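**Q** The structure follows.
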Amino acid sequence: MVLISCKNCHKMYEKENYDEFVCTRCKHKVKRRISYSLQTSIALTICAILLYIPAMLYPMMEVTKLGVKVESTILEGVISFLEYKSYFIAFVVFAASVVIPIIKLAGLLFIFISLEINIKMENKTKVKIFKFIEAIGKWSMIDIYVVAILASVIQLDEIFNIKGGIAATSFALMVVLTMIAAHRFDTRIIWDE
Ligand SMILES: [Zn+2]
């Protein structure tokens, strides 16, 4: 007899062996291991890091005002919010689109690399870092919402026309890849010897 808990809802089962089964409470597929978890997560994290570059360098928004097209990157956007004295929005955009993605990607990469090269560190600390990254994940889409809300508000004014630029696409992709990388990662690997 072995005791197995569902990774999703933590329901406990008493089973004969480690064969795969479906959790009766949450319908999650309970597996001994997610296959190629670490490799997939590392690959996705590296792709996300590469996408961070165009997300910063290319225009996030294209604003057409009276027929004149003005493009601005995330940082230029933050600066213009500061100029308009919208300090709160400037802070939210800066935190959500510049700082949080860096913390997340650096944190994930650090955990994955530490598992590959066996950095001396308490496993509990690694799990804590990982849980923290998962928790802040939800907040990194804020920036896309800010652009969407701004677009709908300013669109009401007929002389303005706002569109998402290349950076918006890269940014959204980066956020999604980071989320999959964190989700695909099997935290049980941390406890392997
Ligand atoms: Zn379950």
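The values are calculated or read from the model by the stated rules, or taken from the named source; none is laboratory data. All of these numbers come straight from a predicted model, not from anything done at the bench. As a convention, Cβ positions derive from the backbone with ideal geometry for all residues, glycine included, and neighbour counts pool all protein chains shown. Side chains are part of the model used for accessible areas, which takes the heavy atoms of the whole protein and leaves out ligands, DNA and RNA. Shrake-Rupley method; radii C 1.70, N 1.55, O 1.52, S 1.80 Å.
**Q** Go through the stretch 47-75 residue by residue and tally those that are of a type outside the set (Phe, Trp, Tyr), within 23 Å of Phe130 (Cβ to Cβ) and in contact with a Leu (Cβ under 8 Å, 6 or more places away or on another chain).
**A** Count: 4.
This table checks each residue for (1) more than 16 Å from the ligand (Cβ to nearest atom); (2) more than 21 Å from the chain's Cα centre (by Cα); (3) not assigned by TED's automatic domain parsing to the domain that holds Tyr145.
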| site | (1), (2), (3) |
| --- | --- |
| Ile4 | no, yes, yes |
| Thr40 | yes, no, no |
| Ser72 | yes, yes, no |
| Glu83 | yes, yes, no |
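Here is a yes/no grid of residues against (1) acidic (Asp, Glu); (2) over 14 Å from His183 (Cα atoms); (3) more than 15 Å from the ligand (Cβ to nearest atom); (4) assigned by TED's automatic domain parsing to the domain that holds Leu109:
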{"residue": "Met1", "(1), (2), (3), (4)": "no, yes, yes, no"}
{"residue": "Lys7", "(1), (2), (3), (4)": "no, no, no, no"}
{"residue": "Met12", "(1), (2), (3), (4)": "no, yes, no, no"}
{"residue": "Tyr18", "(1), (2), (3), (4)": "no, yes, yes, no"}
{"residue": "Cys23", "(1), (2), (3), (4)": "no, yes, no, no"}
{"residue": "Cys26", "(1), (2), (3), (4)": "no, yes, no, no"}
{"residue": "Ile49", "(1), (2), (3), (4)": "no, yes, yes, yes"}
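Listed here are the residues, each with its yes/no results for (1) part of a helix (DSSP H, G or I); (2) among the basic types (Lys, Arg).
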| position | (1), (2) |
| --- | --- |
| Ala95 | yes, no |
| Val98 | yes, no |
| Lys104 | yes, yes |
| Leu108 | yes, no |
| Lys120 | no, yes |
| Lys124 | yes, yes |
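**Q** Further question on the same structure: May I ask you to list the residues in the stretch 5-22 that are loosely packed, with under 15 Cβ neighbours inside 10 Å, of a type outside the set (Ser, Thr, Tyr) and outside any strand (DSSP E or B)?
**A** Residues satisfying the conditions are Asn8, Cys9, His10, Lys11, Glu16, Asn17, Asp19, Glu20.
**Q** What pairs come out if I take residues in the stretch 66-77 that are in a loop (DSSP other than H, G, I, E, B) and pair them with residues that are not basic (Lys, Arg) whose C-beta lies under 8 Å away, six or more apart or interchain?
**A** Leu66/Ile159; Thr73/Met56; Thr73/Leu57; Thr73/Tyr58; Thr73/Pro59; Thr73/Met60; Thr73/Ala167
**Q** Something else now. May I ask you to verify whether Ala172 is more than 30 Å from Ser37 (Cα to Cα), open to solvent by less than 50 Å² (accessible area, probe 1.4 Å) and either at pLDDT below 85 or part of a helix (DSSP H, G or I) (or both)?
**A** In short, no.
Residue-by-condition table, conditions (1) at pLDDT below 80; (2) more than 12 Å from the chain's Cα centre (by Cα); (3) in the same structural domain as Cys47 (by TED's automatic domain parsing):
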position	(1), (2), (3)
Ser86	no, yes, yes
Ile100	no, no, yes
Lys104	no, no, yes
Ile133	no, no, yes
Gly137	yes, no, yes
Ala148	yes, yes, yes
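**Q** Got a number for residues in the stretch 23-53 being in a strand (DSSP E or B) and open to solvent by 80 Å² or more (accessible area, probe 1.4 Å)?
**A** Number satisfying all stated conditions: 1.
**Q** Just give me the residues in the stretch 80-124 being crowded, with 18+ Cβ neighbours inside 10 Å, β-branched (Val, Ile, Thr) and farther than 28 Å from Ile190 by Cβ, in sequence order.
**A** Matches in the stretch 80-124: Val92, Val93.
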